[in-house]
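The values are calculated or read from the model by the stated rules, or taken from the named source; none is laboratory data. These numbers were taken from a predicted model, which means no experiment stands behind them. Here the Cβ positions follow ideal geometry from the backbone for every residue, glycine too, while neighbour counts run over all protein chains shown. Accessible surface areas use protein heavy atoms only, side chains included; no ligands, DNA or RNA. Shrake-Rupley method; radii C 1.70, N 1.55, O 1.52, S 1.80 Å.
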Amino acid sequence: MTDQPMVRFDNVSKRYGALTVLDGLSLDIARGEKVSIIGPSGSGKTTVLRMLMTLETINDGVIWVEGEPLTHMDKGGKLVPANLGHIRRVRAKIGMVFQSFNLFPHMSAMANCIEAPMTVLGMKRADAEARAAELLDMVGLSQKKAHYPSQLSGGQQQRVAIARALAMRPKIMLFDEVTSALDPELVGEVLQVIRQIGREHDLTMLMVTHQMGFAKEFSDRVCFFYQGKICEQGPPSELFGAPKNERTRQFLRAVLEAG
Amino acid sequence: MGIRTLVGMLVAALAVIGLLATQTSYSLFLPGLLQGALLTIEIAVLGSVLAVVMGVLAALARLYGAAPLRWLATVYVEIFRGTSALVQLFWLFFVLPQFGLLMDAFTVAVLALGLNVGAYGSEVVRGAILAVAPGQWEASIALNMSRAQMLRRIILPQAFVAMIPPWGNLFIELLKSTALVSLITLTDLAFKAQQMNQSTLKTVPIFTLVLLIYLVMSLAITIGMRFLEQRASAGLSRGRAA
Ligand SMILES: Nc1ncnc2c1ncn2[C@@H]1O[C@H](COP(=O)(O)OP(=O)(O)OP(=O)(O)O)[C@@H](O)[C@H]1O
Ligand SMILES: [Mg+2]
């Protein structure tokens, strides 16, 4: 059971009409592994995360979480498309942080963090609040519990969103360009928080990022996506230090020039 | 228009009614008219409650219901939007008894007006739900909420704010269409005025009072809805104005 990958994409394809966005993706992610996904715009990076979060359906293949199918369920030895009950049970292990924060605007930072623990997990308010206070403290927002999203800076909102996702105690955290909507001076505080939860929690983390420096320092493995396929992957030292594929080299050159 | 202006108008209208009531040529008609107004208010309030319930149910059924439910809701909305409230009143009051379904006039009035306005209201509710940012749904899914939990806790509270002004318009429409109920034997404000006018021919005092009473009622609705809107949007946009 322990050598079971935490996440397995098994020959997964995603199409929008005639457009194939992901083409037979196979990818295993180990428990506790930190994986960064990089690649040009439109290469399918976001789609990978959204499929795992069940925000998108898939057209082919199976996604597995801890040895259990997420998109499918076992029926008499055959895999059939999962029903909502099955999906909800498996997806409880996954949390996601979005580029545009997506905090609930009608709720304070604290209320954002206790909403799902109370309604979904059935936690008591006092317990949920204690846990949320701990998390908000960890992301450096113990002074902002009563603030509404509109009263917070982008960096603060994103940190609340991270605390909100962690409050559900996921085993897998997905980050989709979580610093791209932020002013440059606010990027650091959010990356610092991600670094910290990477150290403190036994989380499997999958992040799409344009921050090559962060990907290099933080991840165990980097996957370079190109046109819906993993074009090259490996430890950051190899992928950034000595990329084998010409497309990877081109992409990294272009990113370095722009940055 | 600011809420203060509206309250000012309401106070002024009430003051004029009070002033006119000091003269016997006016005060003579006031008790009868107020009696009619009471029936108008009863029908308008109950009809509005029914309209909101039907509007929300039909919108949810059309957006998220299983096929038969969706179909049923669409039929309801199209029938009640596509035919006039007058025809609906007549149908419920004169035609249905032919098929053995007999209801008293008051029930028919509330049903017909509530169902009619509810059909329009369902479009208001539907539009407001669809206008909530997709990211709110996605965040709710990422937090593993059920569809019902998302709607109740995340989507509807945000859609609610956008629904308030159009519902205010619908409530006023409903208030005005209560004048139709005299055609099914009910003695509402408008009918009471006609009766009194026919027997006394005092057209000016009677219809001046009627106008003022309707104005007071619709201003009360507008002010109530404005107040609700301010309260509701305060929660959504705290600090944004600063
Ligand atoms: N709902 C949709 N309908 C049609 N096409 C879509 C849809 N969502 C995504 N796509 C297409 O799928 C492809 C991959 O999109 P995706 O968002 O995964 O790219 P990405 O690698 O995250 O790009 P970026 O770096 O710009 O965020 C793109 O060509 C995009 O236009
Ligand atoms: Mg993307």
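Under 5 Å between amide hydrogens, which residues at least 5 positions from A:S13 or on another chain qualify, with H placed 1.01 Å from N in the peptide plane?
Under 5 Å from the amide H of A:S13: A:G24, A:L25, A:N59, A:D60, A:G61.
Direction-averaged shadow area of the convex hull around the Cα atoms of chain B, nm²? Please list the in-between numbers first.
Numbers: hull surface 66.2 nm².
Taking a quarter of the hull surface, the average projection is 16.5 nm².
Compare the peptides A:76-85, A:96-105 by average per-residue count of other Cβ atoms within 10 angstrom and give them in order, highest first. Don't skip to the answer; put the middle values down first.
Working: A:76-85: 10.5, A:96-105: 22.7.
So the peptides A:76-85, A:96-105, ranked by packing, come out A:96-105, A:76-85.
Please compute the Kirkwood hydrodynamic radius over the range B:66-179, one decimal place, Å, based on all pairs of different Cα atoms.
Computed over Cα pairs of the range B:66-179, the Kirkwood hydrodynamic radius comes out at 16.3 Å.
What value does chain A have for Rg/Rh, both radii from Cα atoms and Rh as Kirkwood defines it? Working shown, then result.
On the way: Rg = 18.6 Å, Rh = 19.1 Å.
The Rg/Rh ratio comes out at 0.97.
Quick check: net charge around A:V62, other residues with Cβ under 10 Å of its Cβ, Lys/Arg +1 and Asp/Glu -1?
Charge balance near A:V62 sits at -1.
From the C-alpha gyration tensor of the range B:1-110, pull out the three semi-axes of the equivalent ellipsoid (sqrt of 5λ each), sorted largest to smallest, in whole Å.
38, 22, 10
I'd like the distance between the alpha-carbon centres of the range B:119-197 and the range A:92-151, rounded to an integer number of Å.
Each part's Cα centre sits 31 Å from the other's.
Give me the three principal axis extents of the range A:12-76 from the C-alpha atoms, as integers in angstrom, largest value leading.
Largest to smallest, the principal-axis extents are 38, 31, 19 Å.
Among the listed pairs A:K14/A:K75; A:K45/A:K75; A:K14/A:K229; A:K34/A:K171, give every one whose C-alpha distance is greater than 20 Å. Before the final figure, lay out each step's value.
Working: A:K14/A:K75 24 Å; A:K45/A:K75 31 Å; A:K14/A:K229 11 Å; A:K34/A:K171 12 Å.
Listed pairs above 20 Å: A:K14/A:K75; A:K45/A:K75.
Give the aspartates and glutamates whose C-alpha is closer than 13 Å to that of A:K93, dropping any in the same chain fewer than 8 places away, or say none.
Within reach: A:E66, A:E68, A:D202.
Anything losing 40 Å² or more of accessible area from the isolated chain to the full protein assembly: pick those residues out of the range B:115-146, probe 1.4 Å, ligands and DNA/RNA ignored.
B:Q136, B:E138, B:A139, B:I141, B:A142, B:L143, B:N144, B:M145
So which lysines pass the test for B:K176, namely a Cα distance under 26 Å, with those fewer than 8 places away in the same chain ruled out?
B:K192, B:K202
Using a 1.4 angstrom probe on the protein heavy atoms only, line up B:R147, A:R249, A:R131 by accessible area, largest first.
Numbers: B:R147 120, A:R249 85, A:R131 35 Å².
Of B:R147, A:R249, A:R131, the descending order of accessible area is B:R147, A:R249, A:R131.
Aspartates and glutamates near A:K145 by alpha-carbon distance under 18 Å, same-chain residues fewer than 8 away left out - which ones?
Straight-distance partners of A:K145: A:E115, A:D127, A:E129, A:E134, A:D137, A:E189.
How many Å² of accessible area per residue for chain B, probe 1.4 Å?
Details: 12130 Å² over 242 residues.
For chain B, the per-residue accessible area is 50 Å².
At the nearest 100 Å², what buried accessible area, both sides summed, do you get for B and A when the probe is 1.4 Å?
That pair of chains buries around 2200 Å² in total.
Once you've got the GNM for chain A with C-alpha springs shorter than 10 Å, pick whichever of A:K45, A:K93, A:K124 has the biggest mean-square fluctuation.
Comparing A:K45, A:K93, A:K124 in a Gaussian network model of chain A, the most mobile one is A:K124.
Using the Kyte-Doolittle scale, which helices in chain B average at least 0.0 and also have C-alpha atoms spread 24 Å or more along the helix axis, with helices defined as whole DSSP H runs? Please report the intermediate quantities before stating the final value.
On the way: long enough: B:3-20 (26 Å, 2.33); B:30-64 (49 Å, 1.81); B:105-130 (37 Å, 1.41); B:156-177 (30 Å, 0.83); B:203-236 (49 Å, 1.43).
Qualifying helices: B:3-20, B:30-64, B:105-130, B:156-177, B:203-236.
Can you tell me which of B:A105, B:A162, B:A148 moves the most in a GNM of chain B? Springs connect C-alpha atoms under 10 Å apart.
B:A148
Reported to two decimal places, what Rg/Rh ratio describes the range A:111-259 when computed on Cα atoms with Rh from the Kirkwood expression?
Values: Rg = 17.7 Å, Rh = 17.0 Å.
Taking Rh as the inverse mean 1/r over Cα pairs, Rg/Rh reads 1.04.
Against the globular-protein guess of 2.2 N^0.38 Å, express the Cα radius of gyration of the range B:146-221 as a ratio, rounded to two decimals.
Against the empirical 2.2 N^0.38 Å value, I get 1.69 for the range B:146-221.
May I ask you to derive the relative contact order of chain A, considering only C-alpha pairs under 8 Å and at least 6 residues apart, and to give it as an integer percent?
Once divided by the residue count of chain A, the mean separation gives 24 percent.
Would you jot down the residues in the range A:65-100 that end up with at least 40 Å² less accessible area in the complete protein assembly than in the chain alone, with a 1.4 Å probe?
Listed by number, the residues meeting the 40 Å² cut-off are A:R88, A:R91.
Kirkwood Rh and Cα-based Rg: tell me the resulting Rg over Rh for the range A:21-170, rounded to two decimals.
1.01
Leaving out ligands and nucleic acids, note down the accessible area per residue over chain A with a 1.4 angstrom probe, in whole Å².
Ligands and nucleic acids excluded, the figure is 44 Å² per residue.
How are the Cα pair distances of the protein assembly as shown distributed, in percent, across 10 Å bins from 0?
4, 15, 21, 19, 14, 11, 9, 5, 2, 0, 0
Expressed in nm to one decimal, what extension gain is obtained for the pair B:E78 and B:L228 from 0.36 nm per residue of sequence separation less their Cα-Cα distance?
Extra length available between B:E78 and B:L228 comes to 51.1 nm.
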